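The values are calculated or read from the model by the stated rules, or taken from the named source; none is laboratory data. Bear in mind the structure is a predicted one, so any value in this text is a computation, not a measurement. Because the Cβ atoms are built from the backbone with ideal geometry, glycine has one as well, and the counts that use them run over all protein chains shown.
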Amino acid sequence: MWALPGNSILSASHFYPLRIAILDDHPVVRAGMSAYLSQNRDIFVIGEFETSRDMIRALAAQPVDVLLIDYSLGPAEVDGISLIKMLRIKFPDARILVFSALYDPATVALALRSGAHGFVGKGGREEEIVLALRKVAAGGIYCDPQMTYLLSGASTEQTEPLAGAMPSDGATLSASTSGLLDGASLSGREREVIRCLLAGMTISDIAIKFGRSPKTISAQKGTAYRKLGVTTDNGLFKLCGLL
């Protein structure tokens, strides 16, 4: 027999299931992921959360082994790079596995450099999540073989730490657009601003999201536009094939 974390007696083999917390702003995703993971005897979902604030509050008194988090939450939420860095500080003993529809080499590289221990795309197989959780919990770093190959060819230039993160999953870029941004050698912050603009966010929206002034966001937008060779928002959308 075995018991859940918090119970005092386990089997003679001292089997402890992995304690997992799920953070995703989509209820269906949270419920489905929790139900699927709970089918595995070695995994115990201690909670599923819609906001990072709720998760941090709940975990203050509850040990956790792996934080399974979406990369992009709502516009008013702390997420992405900022959330990863915050979680590393607040829960230094926990491992972080990112699970997101925003799945391109540049984003994965940024997440791993910021402290995530693995990254899985939402388009992958269900079994991959369990494999990734087990590997990350055991002290490893997880990326699927194809992403590992792509990362080997990604730029190794260090990007600036970000004060915010991605907008909602609707901001996922196409492969061609992601390649375009890579080719323009945008900094991490410039890349995030462009992603938000392509998602329809205003300068004010982006400033609130990143916790920066509109003036700073405008300056980063201007620098990115110069690197991309465009001067207007319409020019950006045309360049990315959205107009």
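Inside the range 199-224, residues that are outside any helix (DSSP H, G or I) and under 20 Å from residue 185 (Cβ atoms) make up a count of 0.
Candidates are the residues of the range 104-160 that are assigned to a loop (DSSP other than H, G, I, E, B), modelled with pLDDT of 85 or more and touching a helix residue (DSSP H, G or I) at 6+ places or on another chain (Cβ under 6 Å); the one that is surrounded by the most Cβ atoms within 10 Å (Cβ to Cβ) is 116. Taking the range 217-243 as the search range and keeping residues that are surrounded by fewer than 16 Cβ atoms within 10 Å (Cβ to Cβ) and β-branched (Val, Ile, Thr), which one is modelled with the highest pLDDT? Only one residue tops the list, namely 223. Scanning the range 79-92 for residues that are surrounded by fewer than 21 Cβ atoms within 10 Å (Cβ to Cβ) and in contact (Cβ under 8 Å) with a residue 60 or more places away in the chain yields a count of 2. What do you reckon, is residue 67 touching an Asp or Glu at 6+ places or on another chain (Cβ under 6 Å) and crowded, with 24+ Cβ neighbours inside 10 Å? Taking the combined requirement at face value, the residue does not satisfy it. All of 41, 95 fail the test of being of a type in the set (D, E, K, R) and crowded, with 20+ Cβ neighbours inside 10 Å, apart from 95. Against the conditions (1) closer than 26 Å to residue 127 by Cβ; (2) at pLDDT below 95; (3) part of a helix (DSSP H, G or I), residue 34 satisfies every one except (2).
Residues in the range 69-103 that are more than 22 Å from residue 26 (Cβ to Cβ), assigned to a helix (DSSP H, G or I) and over 12 Å from the mean Cα position of the chain (by Cα): 88, 89, 90.
Are there any pairs with C-beta distances below 8 angstrom linking a residue in the range 27-48 that is assigned by the TED database to the domain that holds residue 130 to a residue that is surrounded by 14 or more Cβ atoms within 10 Å (Cβ to Cβ) and of a type in the set (Phe, Trp, Tyr), with the two at least 6 apart or on different chains, and if so which? Final answer for the pair search is 30/49; 33/99; 38/44; 41/2.
Among the conditions (1) within 26 Å of residue 186 (Cα to Cα); (2) among the small types (Gly, Ala, Ser); (3) within 18 Å of the chain's Cα centre (by Cα), residue 123 misses just one, which is (1).
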